[in-house]
Amino acid sequence: MRAVVIHAPKDLRIDAFPDSPPGASEVRVKIEAGGICGSDLHYYHHGGFGTVRIREPMALGHEIAGVIAAVGSGVPHLLPGMRVAVNPSQPCGVCVHCREGLRNQCLDMRFMGSAMRMPHVQGGFREHVTVDAAQAIPIADQLSLGEAAMAEPLAVCLHAGKQAGPLLGKRVLVTGCGPIGALMVVVARYGGAAEIVVTDIADAPLVVARRLGASRTVNSATEASRLEPYRAGKGVFDILFEASGNQAALRAALDLMRPGGMIVQLGLGGEMTLPVNTIVTKELQLRGTFRFDPEFELALRLMGEGRIDVKPLITASLPFLSAVEAFELASDRSKSMKVQLTF
Ligand code: ZN
């Protein structure tokens, strides 16, 4: 079979890739759709991020869905032909964090398309993947495989929503409107937020945010003065979902938060300098959020029941043989929100 493999920055190839029949507890899935994530783009442009670097060729991709092609002898609940989303995370199940219910913090996590481990865990941008049966989650008939491939980023955002606590009636600010920021709009709306304000430094993603239900959008590069009213008193927002990973975005947002407000940091920003006095005196809460666990199946359920619609985020689908073109398109924020590959 063939796969979309990163060799070095800007060296993305379609390579022959070894196939493996399913073991007793595994299934083989014919991949149909794969979404390009920000981390895939980091590997493509820079060969990685932070200390995580490509040290051997690696198939990219961890937002994937397809059709079951073969089933291991010990898998009673899945059949060939079933349409599934593939959960890219495989926690060990036995480490201290898995046993205490924090499987996203697993000490021995295998996450598809990640260069954190050596050898790297190969990703899902291939014609077939063979995974543990627990990673293949059947999807509703009315859900397209492209939508099903959005389960992973939606799960990230549902997990972030939980980190914030109740959203009902809250005033929410989302900074950074890539696919994750845009999905935070969807989650905040689903959670019952009273007001959702979204900022970005580009106009095109803000158009998508409005379509997804944002109350108001502000281009913080060209019209930052429109945020002034939110500084009233000590600030007005109950919750910030910071999805840019940009120090300037977080610093600016601190002044808009009401005392006791909750900041959920999704963007991986590396090192930042922050006015800690503002956090201390306004008693702000700063929480991280990382990946997901049960939220993957929740994401599929909410999409499958029509409670959450992610279709407005999918801005293009290209055949995997045009992967370089697709990665370039996904890198152009004036044109793209979520770009998917088809296989
Ligand atoms: Zn573990």
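Observations
- Here the chain is treated as an ellipsoid with the same Cα gyration tensor; its semi-axes, largest first and in whole Å, are 34, 21, 20.
- Taking the empirical scaling 2.2 N^0.38 Å for compact globular proteins as reference, the stretch 198-306 has a Cα radius of gyration ratio of 1.18.
- In plain terms, the C-alpha convex hull of the stretch 100-156 casts an average shadow of 5.3 nm² when viewed from every direction.
- Over the chain, Cα pairs under 8 Å with separation of 6+ residues give a relative contact order of 17 percent.
- Between G47, N246, C92, the Cα set farthest toward the positive side of the dipole of the chain (charges on each charged residue's Cβ, about the Cα centre) is that of N246.
- Under the Debye formula (equal points on every Cα, no solvent term), log10 I(q)/I(0) of the stretch 1-104 at q = 0.19, 0.25 Å⁻¹: -1.12, -1.24
- For the stretch 21-82, the pair-distance distribution built from all alpha carbon pairs, in bins 10 Å wide starting at 0, is 20, 34, 26, 19, 1 percent.
- Taking Cα atoms only, the orientation of helix 151-164 departs from the longest principal axis of the chain by about 40 degrees.
- Fully extended contour minus Cα-Cα distance, from S225 to A24, at 0.36 nm per residue: 66.3 nm
- Global size of the stretch 71-191 as Cα Rg and Dmax, reported in angstrom: 16.7, 51
- Exposed-loop-free span, longest in the chain, where GluC sites (Glu not before Pro) count as exposed if DSSP calls them loop and at most 12 other C-beta atoms lie within 10 Å: 101-222
- By DSSP, the beta bridges lying fully in the chain are antiparallel in about 60 percent of cases.
- Among the chymotrypsin sites (Phe, Trp or Tyr not before Pro) in the stretch 236-314, those placed in a DSSP loop whose Cβ has at most 14 other Cβ atoms within 10 Å are F290.
- Computed over the chain, the per-residue total of -39500 (n - 2.57) for DSSP H runs of n ≥ 4 gives a 222 nm mean residue ellipticity of -7000 deg cm²/dmol, rounded to 500.
- Normalised by the number of residues in the stretch 155-288, the average gap of Cα pairs under 8 Å and 6 or more apart makes the relative contact order 23 percent.
- Relative packing of peptides 120-126, 86-92 - highest average C-beta neighbours within 10 Å first: 120-126, 86-92
- Among the listed pairs K162/K338; K30/K338; K10/K30; K311/K335, those whose Cα-Cα separation exceeds 18 Å are K162/K338; K30/K338; K10/K30.
- With each label modelled as a point 7 angstrom along the Cα→C-beta vector, the D309-A204 pair spans 2.3 nm.
- Net charge over other residues, Cβ less than 13 angstrom from the Cβ of I54 (K, R count +1; D, E count -1): +2
- Ordering K30, K234, K282 by accessible surface, largest first, gives K234, K30, K282; the 1.4 Å probe counts only protein heavy atoms, with every chain in place.
- Normalised by the number of residues in the stretch 123-218, the mean separation of alpha-carbon contacts (under 8 Å, six or more apart) gives a relative contact order of 22 percent.
The values are calculated or read from the model by the stated rules, or taken from the named source; none is laboratory data. These numbers come from a predicted model, not from an experiment. Heads up, the Cβs are rebuilt from the backbone with ideal geometry, glycines too, and the neighbour counts pull from every protein chain shown. SASA here: full protein model, heavy atoms, side chains in, ligands and nucleic acids out. Shrake-Rupley method; radii C 1.70, N 1.55, O 1.52, S 1.80 Å.
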